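The structure under discussion appears below in the form of structure tokens.
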Amino acid sequence: MIEFICLFMPAFISLNNKSYKNKFDIILDYVIYNLFINIITMILICLYKREIVDVFSNFNVMQFCIKYLIISIIMAISISFVEKNIHLKIEIRKVKNAKSK
């Protein structure tokens, strides 16, 4: 049960600061946030892993889930903060070609 909470709860934190017009936008943003948060969290965990986990003797699922949840909540808060405070405007213009003589 805690595994599902670790995977799906942090994306809800990123959704709380936005207003949505329809349900499709909410679902699309949730899926994007969920994928991004979980991929980045797994990359961080794999990069900072100090030793190979022995599944049968020293692996504790509860400890791993709590560490994963803490990292993913930090990621979710930082994503919502960055999205709220940093605005990116992309503008594409069509340039008229100069007539050749």
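Rounded to the nearest whole Hz, the Karplus-based 3J(HN,Hα) values (6.51 cos²θ - 1.76 cosθ + 1.60, θ = phi - 60°) of the stretch 35-43 follow the sequence 4, 4, 5, 5, 5, 5, 5, 5, 5, with x at glycine and proline. Computing FRET efficiency as 1/(1 + (r/R0)^6) for Ile5 and Arg93, where r is the C-beta to C-beta distance and R0 is 35 Å, gives about 0.15. Couplings for the stretch 67-77, taken from phi via the Karplus curve 6.51 cos²θ - 1.76 cosθ + 1.60 with θ = phi - 60°, read 4, 4, 5, 5, 5, 6, 5, 4, 4, 5, 5 Hz in order; Gly and Pro are left as x.
Each value in this text was obtained by applying a stated rule to the coordinates, not by laboratory testing. This structure is a prediction, so every number in the text was calculated from the model and none was measured. All Cβ positions, glycine included, derive from the backbone under ideal geometry; neighbour counts span all protein chains shown.
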